Amino acid sequence: MAPENAPLERPLTRRDALKLIGAASLLGVLPSACRSAPPPEQDPRRPNILYLHSHDTGRYVGPYGYDVPTPNLQRFAAQGVLFRQAFCASPTCSPSRAALFTGITPGCNGMWGLAHRGYALSDYNQTFVPLLKRAGYTTALAGVQHIAAGDPWTCARKIGYDTLLPLRSHYAHAVARAAVGYLERPPTKPFFLDVGFVETHTLDPTPDGSYFGYPSGDPERAERPGALRDTPQTRRDMADFAVSAGALDNAIGRVLDALERSGLAENTLVIITTDHGVPLPGFKANHTDGGLGVMLMMRGPKGFSGGKVIDALVSHLDLFPTLCDLLALPPPPWLQGASLVPLVRGDVRELHDAVYAEHEAHVVPEPQASVRTARYRYIRRLSGPYRARPANTDATHTKALWLKEGWPPRLVAPEQLYDLQSDPFEQRNLAHVADYRDVLEALRDKLVARSERFDNPLLRRYGVSGGPPVAALAPRSAPTEAAPGAELGVLYIRP
């Protein structure tokens, strides 16, 4: 299970990233040998697929009831289907995205940590991109992918894209411009267009002190996450987050408007989601609802319309099976999720009794796994040290406050159990409360049973389930702080 790519000797800074992205934008699309041949007439039984995804947004957008103005997302939700209880399969970037693309949890697909820190999929042919190509689709990428590290063409070929759209910068307006250009001259062949935005990830601090790459927002109007104390620092971060979310929303609106102008909207399945929670302490890189809860909205043919809201537990793992269902394609045997179509059509009220997540590392190792039911969350830290790992939290004003108040020495319980009915912000650990012993043991058993069912190498490595030992991974760099925006350079190009 050793990663295919050696880790970078040092994380790229955002300044490095911008230089590299600028170079990448001059290089354009894939060479002609990698482009699709002139396509035949589009098969009306094959809807186009437009996949719009952001970085580090969680559910902090207007359609989920938060005071973060996102009118385009609000309009989209009113037209499609919103999944209120959607979760990713990992609270860190590459593992989450890899799970969505493969329909397999990170422990089973090889992406235990970040792609630019040496992790990789065990088999890139297990993503849904090659399956779509075999079904007659042409595939294109604009912006972020983050499941492969290397130069942009190598990554695009490895994942299976026919076309890599050129960018003038990594910001949302430039990514939207590339996607709009593609939709203004759409192929006659059915297409899968992957549009990845870096917003709302933290970026280089602006002159006025925002960590989100845009001018600062108004702290007096900020939406404060309920799990965090109401401090000036958190209000400032969330105000600045809202500005980034507004730029994301504007870019998504431009792409959706272009789709409408193309005349293809009625025959296009649009998926809007994010990789994991917001980049604040206790959210991103944590197995809490704040770290794993994601926005997920879909619009398109075959029932994905009408402003429906679905409260059932769903997972990113369900998107691959859903595509197979909608396109009448045989699902690959490795899938671990279930099609969302029965939920959307009203044939069933529930799809899962629990959803699962896992990862080994973000910036530094902090291996964890979790089980989330309708009422409870169980979190298991797979190895020590059982202390906070601030390096796995991005730099923000809130993080600076936590560090000032003595965050690093704090102990973290190796097992955690939360009753979300009475404790929605996961503040009171019940793992050692006698009245909850049966619940704790039932969720432990669920984690073990699932690990054994899918022969999960990550969980086997840490002794959750039996089986042959899994080789230890090569050591990676372990800075005490996550370099702001260190991920960005390798999303596009790596020297």
Relative contact order of the chain: what whole-number percent is it, with Cα pairs under 8 angstrom and at least 6 residues apart?
24 percent
Least to most buried among V364, V195, V344 (fewest other Cβ within 10 Å first):
V364, V344, V195
List, in order, the whole-Hz ³J(HN,Hα) value for each residue of the range 321-329 obtained from phi through the Karplus relation with A = 6.51, B = -1.76, C = 1.60 and θ = phi - 60°; use x for Gly and Pro.
x, 5, 4, 4, 5, 5, 9, 6, 9
Sorted by chain and number, the residues with a modelled amide H under 5 Å from that of M111, at a separation of 5 or more or across chains, are S122
Quick one: compute the contact order of the range 357-461, relative version, from alpha carbon pairs under 8 angstrom and 6+ residues apart, as a percent.
23 percent
Sum of side-chain charges, R221 neighbourhood, beta-carbon under 15 Å (Lys, Arg +1; Asp, Glu -1):
-4
Please work out the ratio of the alpha-carbon Rg of the chain to 2.2 N^0.38 Å and round it to two decimals.
0.91
Where both residues lie in the chain, what percent of DSSP beta bridges are antiparallel, nearest 5?
50 percent
Which whole-Hz couplings ³J(HN,Hα) result when phi for each residue of the range 172-183 is put into the Karplus expression 6.51 cos²θ - 1.76 cosθ + 1.60, θ = phi - 60°, listed in order with x for Gly and Pro?
4, 5, 6, 5, 4, 4, 5, 5, 4, x, 5, 6
Karplus ³J(HN,Hα) for the range 195-204 (6.51 cos²θ - 1.76 cosθ + 1.60, θ = phi - 60°; Hz, whole; x = Gly/Pro) runs 10, x, 9, 7, 4, 10, 4, 5, 10, 4
For A357, residues with placed amide H under 5 Å, excluding near neighbours:
S370
Rank the residues I104, I49 as a footprinting-exposure proxy: fewest other Cβ atoms within 10 Å of their Cβ go first.
I49, I104
FRET E, pair D353, L329, Förster distance 30 Å, beta-carbon r, rounded to 0.05
0.65
Given a Förster radius of 22 Å and the C-beta distance between R437 and K308 as r, what FRET efficiency does 1/(1 + (r/R0)^6) yield to the nearest 0.05?
0.05
If you average 1/r over all unlike Cα pairs in the range 194-261 and invert the result, what Kirkwood radius do you get in angstrom?
12.9 Å
Report, in deg cm²/dmol and to the nearest 500, the calculated mean residue ellipticity at 222 nm for the chain, where each DSSP H run with n ≥ 4 adds -39500 (n - 2.57) and the sum is divided by the residue count.
-8500 deg cm²/dmol
Roughly how far apart, in whole Å, are the Cα centres of the range 245-314 and the range 124-159?
20 Å
Once fully extended, how much extra length lies between N250 and R185, figured as 0.36 nm per residue of separation less the alpha-carbon to alpha-carbon distance?
21.3 nm
Extension gain A400-V448, at 0.36 nm per residue separation less the Cα-Cα distance, in nm?
13.6 nm
Once you order the gyration tensor axes a ≥ b ≥ c over the Cα atoms, which shape class does the range 357-461 get: rounded for a/c under 1.5, otherwise prolate or oblate by comparing a/b with b/c?
oblate
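Throughout, read-outs are computed from the coordinates displayed, never taken from laboratory work. Here the structure is a predicted model, which is why all the values come from computation and not from measurement. In this analysis, Cβ positions are derived from the backbone assuming ideal geometry, glycine residues included, and neighbour counts consider all displayed protein chains.
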